[in-house]
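The values are calculated or read from the model by the stated rules, or taken from the named source; none is laboratory data. Just so we're clear, the structure is a prediction, and the values are computed from it rather than from any experiment. Note that each Cβ is placed from the backbone with ideal geometry, even for glycine, and that neighbours are counted across all protein chains shown. Heavy atoms of the whole protein, side chains included, go into the accessibility calculation; ligands, DNA and RNA do not. Shrake-Rupley method; radii C 1.70, N 1.55, O 1.52, S 1.80 Å.
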Amino acid sequence: MEKYEHKKIEEKWSRKWIDERVFTPDLKNSQNPYYALFMFPYPSAEGLHIGNFYAFTCVDVMAKYKKLKGFDVFEPIGWDAFGIHSENYALKIGEAPGKMLERTVANFTKQIQAAGLSCDWTREVNTMSPEYYKWTQWIFTQLFEKGLAYQKEAYLNWCPSCKTVLADEQIEGGECERCKNIPEKRKMKQWFFKITHYADRLLDGLGKMDWSEITKSAQKNWIGKSEGANIKFKVANSDLEFEIFTTRPDTLFGCTYCVLSPEHELVSKIISDKQKDAVEKYIQEAGIKSEIERKENKEKTGVFSGAYAVNPANQEKVPIWIADYVLAGYGFGSIMAVPAHDERDFEFAKKFNLEIREVIAGGDINKEAYVEEGNLVSSGKFSGVQSIKAKKVITEFVGGKLVANYKLRDWCISRQRYWGPPVPVVYCEKCGTVAVPEKDLPVVLPEMEKNWEPSGDGKGPLAKVESFMKTVCPRCGGEARREADVMDNFLDSAWYFFRYLSPDNNKEIFSKDLGGKWLPVDLYIGGNEHAVLHLMYTRFITMALHDLGLIDFDNPFKRFRANGMILKNGKKMSKSKGNVINPEEYGEKVGYDALKSYILFLGPLSEDRSFSDEGIMGTKRWAERIFNLFDRVDGEYTDEKKVLRKLHRTIKNMENDMEEQKYNTAIAKLMEMTNVFYETSKISEETFKKFLILVAIFLPALAEELWEKLGHTKSIFKEKWPEYDPALIQDEEINLVIQVNGKIRDIIRVNADISEEEAREAAIKSEKIKKYTAEKEIKKIIFVKSKLINIVV
RNA sequence: GCCCGGGUGGUGAAAUGGUAGACACAAGGGACUUAAAAUCCCUCGGCCGCAAGGUCAUGCGAGUUCGAGUCUCGCCCCGGGCACCA
């Protein structure tokens, strides 16, 4: 008997598939396109991570299944090579990022090619190549022309370690997403993308999307829509006014004070001379407090401004306070405070001894705020009205406006770093800020051997390259300066799947005819840590491209699934614990076929899974068992009926499981089939061939090898998925469950097509059943065809 | 606090409202072997029982149903998202 040499087999076939372009579709002439996409990796120096490897595999098995099912499958590969992650590592090892990435991309290529995925290696993209980032910059210029890219001054997250501003989405749990340091708030003028313009579409779209619930829920929470009203308050004894947002306009009569955030522009204009010192001191202290301090110490602080506002509902004068529990960035940075019906206002009012006035009946407002809705009291002519109705009529009464507010902020895209696409604008004294026209793109990132590290002075390293900075205005031809910042790495990755279709097209961002055929992407799988980063940015960019008239859809991925995490023996992997799973190591030890099958077999796609070195031997043994079956294959043999039945059932069940991406049970069914083969001494060649096609999804190299040993010269992936014969699936005899009052009392073998009459007769005849029915009245009999019969007594 | 997931043997897990625990790991036993590894075969939720069988069992408590892991309601616990967001 020949030995199963996984390494030899896998090396042979992974090479052959690439060389013979088995998985390179003809994009133009495809009849039946299926676009299978995994999140392209950032080629880290550490090499391929098992988490990436797992997500790739989840996409890859579907790609292989669809290919066998007759689809033209496109499973592209590329490199997310620009960005802080690569740059930080280059800094650490003191090497220029471009040089370093040449090496790491080569290493990733080697690793992924060894894994036997069905990638098309002829259409690689790399975000750091000028041919690619020309179009990243082009997107910027298009958004700029549409008013969706703009500059503004704002308080931003400044990472003191990465020495750049970051988007809100890149702050995770108060830490920099990359380096885990705590960012500071800095007031800076930066470039933004107006993602808030799409807030409603991003939210409403979720309802129709076939994406993992967990991802949709994260996006929904992040967008954070709340419905309420904008209401204007006048400042007493002046012609100043300010606007507030509230979700509870029905409680307007209970407003006993107002609060402005320390950053509010009105603060300096309204403070009284008497309060001036106190207010200025407070603002200074609030400014020093870090985000973390604010979070940890939620004790309310504030100071009276000395000014009063006029409640537009009853014309009462209420004091205006300055307090940092009101955030500058949400709504107008100013609120009406209703301590009787808001927990935060209640706490503040208690501390500073402000009036608490009940305007919704219910609860004991001496103890705590009553935040439910209800019937209005002490609200003038609106007393007695229900909250829900009062919201509308009170808003109208004071000339306010019913509106929705969002937590989502605009996406800050400039980075004071080196390793990214330069923001393609020039500043001209005469013409102002001008986007670089398409014919002048890309704005090439100059090679910097030295001084490319971030300086921390708020300007990108490119500011030091005079030959880059000095340019001419594309509009008037006069002297002009370039922008020194580069763009966020998440912009590079927000559109890469468009580029895969035509990576060499230098006339268009992507070839429209191919886009019409292949987009949107059919299946996308990746980690949910990107729910409000990559995945939301991508939706936004897709919507923007839609509005530019480039595409006719605005959801980039028809189906998205968030894959679970891989744990080692139930624990999170980390380098410090030394329990990192290296795919290459297991490829060597048990083979990639066994490794891939194992991580899929561990459980449902979306759930976390615990990897163990003992467990993986299960799929290794399975592969070996299949390999060893080869000696039982006989061209002359006719299979037993039970083997044929199992085969056809397996085909059918596999189809169901694969469509629903239940990879774990699909593999289990192939294992069952394997076990049935071991109950027979011979297998017909016909049956074994069909079996190999099923197996090829999960154990591709093994299947190819045995396919070749059967005498085939073409790849098994050129074959068609076998069809099952419904007639062969039917059992002749079945187990009929007999219940009495819903409890199983007997199981008998009967003809599969037994009628209700016959079943009833057989059930009553059963000795075991007689025990339970004797001397009892049969009230009812329930019969479920070819399953059970239940006697109710 | 609000919004998503989830809770089933020693372990990872299966189960269109119809035989709970498929498949696999671990464990135990057997065959082969001088021996071991590998391989092949068998057993494997708890309790009572020699067995046949009985009985309990899918986080807890109710309910709907002839029948509930699955549906409904209320609670508990775990994971994730948001959170001084007005």
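If you average 1/r over every pair of different alpha-carbon atoms in segment A:147-259 and take one over that average, what Kirkwood value in Å do you get?
Kirkwood hydrodynamic radius for segment A:147-259: 17.8 Å.
If you build the convex hull over the alpha carbons only and average its shadow over all orientations, what do you get for segment A:17-171? Give it in nm² to one decimal.
12.2 nm²
If the chain between A:K718 and A:V784 were fully stretched, how many nm would it gain, using 0.36 nm times the residue separation less the Cα-Cα distance?
Between A:K718 and A:V784, full extension yields an extra 19.5 nm.
Specify the angular offset, from 0 to 90 degrees and rounded to the nearest 10, of the alpha carbon long axis of helix A:343-352 from the longest principal axis of the alpha carbons in chain A.
Approximately 30 degrees, to the nearest ten.
Any idea what % of Cα-Cα pairs in segment A:1-83 are farther than 21 Å?
The share of Cα pairs beyond 21 Å in segment A:1-83 comes to 44 percent.
Please give me, ordered by residue number, the trypsin sites (Lys or Arg not before Pro) of segment A:516-602 that lie in loop per DSSP and have at most 11 other Cβ atoms within 10 Å.
Counting only loop positions with at most 11 other Cβ atoms within 10 Å, the trypsin sites (Lys or Arg not before Pro) in segment A:516-602 are A:K572, A:K575, A:K577.
Express as a percent, rounded to the nearest 5, the fraction of DSSP beta bridges in chain A (both residues included) that run antiparallel.
Antiparallel bridges make up about 70 percent of those DSSP assigns within chain A.
Kirkwood Rh and Cα-based Rg: tell me the resulting Rg over Rh for segment A:649-748, rounded to two decimals.
1.10
Of A:I9, A:T109, A:S129, which is farthest towards the positive pole of segment A:7-149's charge dipole, taken about the Cα centre with +1 and -1 on the beta-carbons of Lys, Arg and Asp, Glu respectively?
Farthest towards the positive pole: A:I9.
What percentages, rounded to whole numbers, describe P(r) for segment A:134-176 computed over all alpha carbon pairs with 10 Å bin width beginning at zero?
Whole-percent P(r) values from 0 Å outward: 24, 35, 35, 6.
Please arrange A:D120, A:D504, A:D200 by accessible surface area, largest first, computed with a 1.4 Å probe and ligands excluded.
Result, largest first: A:D504, A:D200, A:D120.
In square nanometres and to one decimal, what's the mean projected area of the convex hull around the Cα atoms of segment A:34-124?
Orientation-averaged projected area of the Cα hull: 5.8 nm².
In whole angstrom, how far apart do the alpha carbon centroids of segment A:416-495 and segment A:179-226 sit?
Here the answer is 27 Å between Cα centres.
Write out the chymotrypsin sites (Phe, Trp or Tyr not before Pro) in segment A:36-112 meeting two conditions: DSSP loop, and at most 13 other Cβ atoms within 10 Å of their Cβ.
Those that pass, being in a loop and sparsely packed, number zero.
Using alpha carbons only, how many angstrom separate the centre of segment A:1-70 from the centre of segment A:323-341?
Comparing the Cα centres of segment A:1-70 and segment A:323-341, I get a distance of 54 Å.
Using unit Cβ charges (K, R positive; D, E negative) and no other charged atoms, how large, in debye to the nearest 20, is the dipole of segment A:97-137 about its Cα centre?
Dipole of segment A:97-137, to the nearest 20 debye: 120 debye.
Where does helix A:130-145 land angle-wise versus the long Cα axis of chain A, in degrees 0 to 90, nearest 10?
50 degrees
Work the Kirkwood hydrodynamic radius out for segment A:558-680: mean of 1/r over every pair of different alpha-carbon atoms, inverted, in Å.
One decimal place: 16.3 Å for the Kirkwood radius.
Would you compute, for the Cα atoms of chain A, the largest minus smallest coordinate along each principal axis and list the three values in descending order, in whole Å?
For chain A, the Cα spread along each principal axis is 103, 87, 49 Å.
Under the definition of Cα pairs under 8 Å and six or more residues apart, what whole-number percent is the relative contact order of chain A?
Computed value for chain A: 14 percent relative contact order.
Kirkwood Rh over Cα pairs of segment A:390-494 into Stokes-Einstein at 25 °C, 0.890 mPa s: D in µm²/s?
Translational diffusion coefficient: 149 µm²/s.
In the structure displayed, which of A:K146/A:K234; A:K134/A:K459; A:K662/A:K720 lie more than 25 Å apart, Cα to Cα?
In this structure, A:K146/A:K234 lie more than 25 Å apart at Cα.
Of all accessible surface on chain A at a 1.4 Å probe, what whole percent is carbon and sulfur?
With neighbouring chains kept in place, the figure for chain A is 47 percent.
What list of ³J(HN,Hα) couplings, whole Hz, do you get for segment A:369-386 from phi and the Karplus terms 6.51, -1.76, 1.60, once you set θ to phi - 60° and write x for glycine and proline?
In residue order, the calculated couplings are 5, 9, 9, 6, 7, x, 9, 6, 10, 6, 10, x, 6, 9, 4, x, 6, 7 Hz.
Rounded to a whole number, what is D in µm²/s for segment A:87-216 from Stokes-Einstein with the Kirkwood radius over alpha-carbon pairs (4 °C, 1.567 mPa s)?
For these conditions, the coefficient is 70 µm²/s.
State, as an integer percentage, the relative contact order of segment A:653-793 based on alpha-carbon contacts under 8 Å between residues 6 or more apart.
So the answer I get is 17 percent.
So which chymotrypsin sites (Phe, Trp or Tyr not before Pro) in segment A:293-402 pass both tests, a DSSP loop state and at most 15 other Cβ atoms within 10 Å of the Cβ?
Passing sites in segment A:293-402 do not exist.
Any idea what angle helix A:592-601 forms with the longest principal axis of chain A, computed on alpha-carbon atoms, 0 to 90 degrees, nearest 10?
70 degrees
Assign unit charges at the C-beta atoms only (+1 for Lys and Arg, -1 for Asp and Glu), then state the dipole size of segment A:580-714 relative to its Cα centre in Debye, rounded to the nearest 20.
It comes to approximately 480 debye.
Taking +1 at the Cβ of each Lys and Arg and -1 at the Cβ of each Asp and Glu, which of A:W79, A:V59, A:M188 sits farthest along the dipole of chain A towards its positive end, judged by Cα position relative to the Cα centre?
Highest projection toward the positive end goes to A:M188.
Here is the link list: A:K92/A:K568; A:K194/A:K389; A:K652/A:K779; A:K572/A:K690; A:K8/A:K558; A:K187/A:K464. Which ones come out longer than 30 Å on Cα distance?
Correct reply: A:K194/A:K389; A:K652/A:K779; A:K572/A:K690; A:K8/A:K558.
What does the convex hull of the alpha-carbon atoms of segment A:335-441 project to on average, in nm²?
It is 13.8 nm².
Stokes-Einstein at 4 °C, 1.567 mPa s, Kirkwood radius from Cα pairs: D for segment A:656-708 in µm² s⁻¹?
Approximately 110 µm²/s, per Stokes-Einstein.
To two decimal places, what compactness ratio does segment A:414-571 give when its Cα radius of gyration is scaled by 2.2 N^0.38 Å?
With N residues counted in segment A:414-571, Rg over 2.2 N^0.38 Å equals 1.28.
A:R481 to A:K367: FRET efficiency via 1/(1 + (r/R0)^6), r the Cβ-Cβ distance, R0 56 Å, to the nearest 0.05?
Efficiency for this residue pair is about 0.35.
Give me the accessible area per residue for chain A, probe 1.4 Å, as a whole number in Å².
Here the per-residue accessible area is 45 Å².
List every residue whose amide H lies under 5 Å from the amide H of A:T433, counting only residues 5 or more places away in sequence or on a different chain, with H placed 1.01 Å from N in the peptide plane.
Long-range HN contacts for A:T433: A:C428.
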